[in-house]
Amino acid sequence: MPTADAIPAPALPADFNEFLGSGAAIEGLRTAIAAGRLPHALILSGPAGAGKYTLALMLAMAIQCERQPRDLWSNGQTLAGFCGHCSNCTRIAQAANLEEQVAAAVAAREELRETDKKETRVLVQPHPDVLILPPDPPQLLIKLGQVRTLIERAHYLPAEAPRRIFILTSGAMMKEAANSLLKILEEPPETVQIFLLAENPGELLPTIRSRAALVRLGALPTEEIESLLAHRRHDVAAKQRALIARLAQGAAGRALGFDLAAYEAARADALIFLRNAAGASRTATGAQGAGGDLDHTALFKVTETYRAGADGQQKTIELLRTMSLLLEDLLMIESGTPELVRNIDLRAELDRMAAALSFAWIERASHALDQVQSGLRRNLLRSLSLDAFAAQLTG
Ligand SMILES: [Zn+2]
């Protein structure tokens, strides 16, 4: 993580009022906790950076807090809160930086003998009664071994706190893991609380969805994110804040941790793909100013750099995400709503590209990109599907 120093470490909000957005949903959850009727399994859904994990930890604190503070509203409603200082709260809060925790767990596994490595699943445990299950690298899926650990522990009574809490931080699961999770969701022990975080609840088995309550975290308006950045990211210039607020797509966490330099690097690569495509399209239609300058070599170099290296998968994900943002921008321009363009600093180039590409082409490219992304989720060879995508664009 070369740029990690530049980004402020995530800290949990001091109370629920500091959590931005989704007010009504959070009120409902707090009321349910105070009344002791929170469903045993909850799906928290929303885009990356919407605060799913942050909220899960805050809810875990509210459930486990030794002091159990309450907000009493004039309408008679009682809302659960957390003190943030007791031994349960402070231990749970230590898991706030999930990436760091997962990196430590993965590093610990690397130290093991080969035979033990296979058996060791990546888990984060900030508190004896709180277990966090992140997607297990390198496939980045929740695996059977992790869910087996969950089931094993779910059958013990909590050691120190009111409940045994499990947080699955991703909806991407191996099939056997999902089936196994289903069993515990069918008959959850009384003291068990499961939080399932998913960018899109559609990625979960319908049978899992039907056994859990769904809470959607909404997107924040761009202006609200811009003002949040103005308060919390003094290192970022106003012009860049406007850009980041749009690129964060309504997700406060993503905006606060946004690494603009890394984004711009990924975007530069994505632009090579698209410039090529625009060039090819001009050549094909014989339009004026046709470059005929298809730079296949540049394109090949890009896919080549994504082929190898430990961070290849992450780089590929970034590239694809960046590219779909660019394609969305092109669609906005084509459909006459340019005010919705996110990459506002590239407006002139996007206008030129949109003029060279047809609406149908952009739709086709978006569709092809979706296929590459779902191929990645199914663990196809990443360079293979990227190359196929590149061929589709230029061919
Ligand atoms: Zn507390």
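The values are calculated or read from the model by the stated rules, or taken from the named source; none is laboratory data. Please read these numbers as outputs of a predicted model, since none were measured by experiment. A quick note on method: Cβ atoms are made from the backbone with ideal geometry, for glycine too, and the neighbour counts reach across all protein chains shown. Calculation scope for accessible area: heavy atoms of the full protein, side chains included, ligands and nucleic acids excluded. Shrake-Rupley method; radii C 1.70, N 1.55, O 1.52, S 1.80 Å.
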Exactly one of these conditions fails for LEU140: (1) hydrophobic (A, V, I, L, M, F, W, C); (2) on the phi > 0 side of the Ramachandran plot; (3) touching a Leu at 6+ places or on another chain (Cβ under 7 Å). Give me its number.
(3)
So, LEU150, is that one surrounded by 19 or more Cβ atoms within 10 Å (Cβ to Cβ) and in contact with a strand residue (DSSP E or B) (Cβ under 8 Å, 6 or more places away or on another chain) or not?
yes
Kindly indicate whether any position in the range 96-103 is within 16 Å of the ligand (Cβ to nearest atom), within 24 Å of the chain's Cα centre (by Cα), among the polar types (S, T, N, Q) and surrounded by fewer than 19 Cβ atoms within 10 Å (Cβ to Cβ).
no
Out of all the residues in the range 37-55, which are under 17 Å from ALA212 (Cβ atoms) and either within 16 Å of the ligand (Cβ to nearest atom) or open to solvent by 40 Å² or more (accessible area, probe 1.4 Å) (or both)?
ARG37, PRO39, HIS40
Please go through the range 69-95 and pick out each residue that is near the ligand (Cβ under 9 Å from one of its atoms) and either open to solvent by 60 Å² or more (accessible area, probe 1.4 Å) or over 16 Å from ALA32 (Cα atoms) (or both).
CYS83, GLY84, HIS85, CYS86, SER87, ASN88, CYS89, THR90, ILE92
I'd like the full set of residues that are crowded, with 19+ Cβ neighbours inside 10 Å and at pLDDT 85 or above, limited to the range 8-36.
LEU12, PHE16, ILE26, LEU29, ARG30, ILE33, ALA34
Strands (runs of 3 or more DSSP E) within the range 160-270 that include 1 or more residues of a type in the set (S, T, N, Q), in contact with a strand residue (DSSP E or B) (Cβ under 9 Å, 6 or more places away or on another chain) and surrounded by 17 or more Cβ atoms within 10 Å (Cβ to Cβ)
192-198
Quick one: is LEU220 closer than 27 Å to GLN139 by Cα and hydrophobic (A, V, I, L, M, F, W, C)?
no
Qualifying residues in the range 110-126 (those that are open to solvent by less than 50 Å² (accessible area, probe 1.4 Å) and over 24 Å from the mean Cα position of the chain (by Cα)) - the one farthest from LYS52 (Cα to Cα):
LYS117
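A quick yes/no check of all residues on (1) over 26 Å from the mean Cα position of the chain (by Cα); (2) open to solvent by 40 Å² or more (accessible area, probe 1.4 Å); (3) not β-branched (Val, Ile, Thr):
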{"site": "SER324", "(1), (2), (3)": "no, no, yes"}
{"site": "SER335", "(1), (2), (3)": "yes, yes, yes"}
{"site": "ARG352", "(1), (2), (3)": "yes, yes, yes"}
{"site": "TRP361", "(1), (2), (3)": "yes, no, yes"}
Within the range 50-84, can you find the residues that are of a type outside the set (A, V, I, L, M, F, W, C) and without any contact (Cβ under 8 Å) to a residue 12 or more places away in the chain?
SER74, ASN75, GLY76
